[in-house]
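Working notes for the structure below.
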Amino acid sequence: MLAISGLIAAGCAPFVIRWYTKHNWLDDPQKEPHLKKTHHLPVPRGGGIVVFLSILLTSLVFLQIDSYLVAILFGAGLLTLVGVIDDIKDIHPAIRLGTGLLASLIVVTAGIGIAYISNPFGSGVIHLNFPIWEIMVFGQTHAIWVLSSLFAIFFINWNMNILNWSKGVDGQLPGFVSIAAIFIGLLSLRFQDDPTTFNTAHLSFIVAGAYLGLLVWNWYPQKMMPGYGAGSLAGFFLSVLAILSGAKVAATLMVLALPTADGIFTITRRILAGKSPLWGDRGHLHHKLMDLLGWGKRRIAIFYWLVSLLLGIISLFLGTTGKIIVFGLVVLFVFWFLIWAKTYSLKKK
């Protein structure tokens, strides 16, 4: 399934590139300059279409259809549509945030929630299935786990946004997303009580294949950019898969420690500077690796891949407490580097 998903993505990308180029839907840094941009020539986005079509077609052929999968694909379709509009019009970040919230509500309403998390301070788990809010829909009573639903909505939206910030150089996003999806799939195989009929591990490998197919066209020199569509779909699918695979929240955060740490620092930095955390700048980790250390785009992308791969391997052998410790160490290292980068830049002025 991974190979087929990858072939579909790699095969449909040229058609999307041709379609975008024909209509001049290009990200041209000369016409629309921005500090955050690292490319110099016009490049079509459209990665969201490639990823979504690959996952949709492969899932419909190989996976059993249930209410969970329908909700996931429906939410992903919404994000893809918004991504296409953003590719063409560059819509306001608040609108993207709102539609991301709606996509997460779709899957949570279908029953995809974080019912518990492993207790990092001892044995057992911490249950999140309280308080319960009962509502009447079409004459039937539905119980909503308030804390579980809120946690899931936050987790999904957080990952959708911070992964979107880690696609600044060629090949960066699809590489580490593929690795993360593969490790979530491997961890899913350990979870015997899968709440879905379509098998979460299989969907994980399909997602990994879709991003590997996109990587073929996004690798340096890129012929296609992920755009908001592929960026938001990355966080959406990885979050949902983590939830369905038995609340592998700690493992997912660990594999995504690099973009997560960068996201935490970026939000904090922008708020302390009196700026909106939604608007882009040139202060991300990949920018500093490029501007201060002189790293090329390929080196930065491979660095993200290798860190994700290493953390993914480690996650297979650690308990929740160990994963949190390793995650904390990565966050501290990224914070130290970005603070040093900021201080060094100020001294040079």
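Just a few scattered comments:
- Given charges at beta-carbon only (K, R positive; D, E negative), |dipole| of segment 2-348 in Debye: 1240
- Estimated vicinal HN-Hα couplings, Hz - segment 303-320 in sequence order (Karplus 6.51, -1.76, 1.60; Gly, Pro = x): 4, 4, 4, 5, 5, 5, 5, 4, 5, x, 4, 4, 4, 5, 10, 9, x, 4
- Taking the chain and dividing mean pair separation by its residue count, relative contact order in percent (alpha carbons under 8 Å, at least six apart): 24
- Straight-line cross-link reach from K323 at under 21 Å between alpha-carbon atoms covers these lysines, not counting any fewer than eight positions away in the same chain: K248.
- Dipole-positive endmost among T252, Y220, L306 within segment 218-349 (Cβ charges, Cα centre): Y220
- Neighbourhood net charge (11 Å Cβ-Cβ; Lys/Arg +1, Asp/Glu -1) for H286: +3
- Local net charge near Y220, Cβ-Cβ under 12 Å (Lys/Arg +1, Asp/Glu -1): +3
- Among the listed pairs K36/K288; K275/K347; K36/K275; K31/K223, those with a Cα-Cα distance over 20 Å are K275/K347.
- Semi-axis lengths, Å, segment 224-342, gyration tensor of Cα atoms, sqrt of 5 times eigenvalues: 24, 17, 16
- Taken over segment 188-231, the percentage of Cα pairs per 10 Å bin, counting from 0 up to the bin with the maximum distance, is 25, 36, 24, 14, 1.
- Segment 250-271 versus segment 1-78: alpha-carbon centroid distance in Å: 24
- Computed over all pairs of different Cα atoms, the Kirkwood value for the hydrodynamic radius of the chain is 20.5 Å.
- Short to long, the 10 Å bins of the Cα pair-distance histogram for segment 1-58 hold 23, 39, 28, 10, 0 percent of all pairs.
- Residue among I325, N129, Q30 farthest towards the positive dipole end of the chain, charges placed on Cβ: Q30
- Of the chymotrypsin sites (Phe, Trp or Tyr not before Pro) in segment 275-323, the ones in a loop by DSSP (not H, G, I, E or B) with at most 12 other beta carbons within 10 Å are W279, F317.
- Taking Cα centre as origin and charging only the Cβ of basic (Lys, Arg, +1) and acidic (Asp, Glu, -1) residues, the dipole magnitude of segment 212-349 rounds to 520 debye.
Bear in mind that the values in this text are calculations on the coordinates, not laboratory data. Computed from a predicted structure; not experimentally measured. Here Cβ is always computed from backbone atoms with ideal geometry, including for glycine, and neighbour counts include all displayed protein chains.
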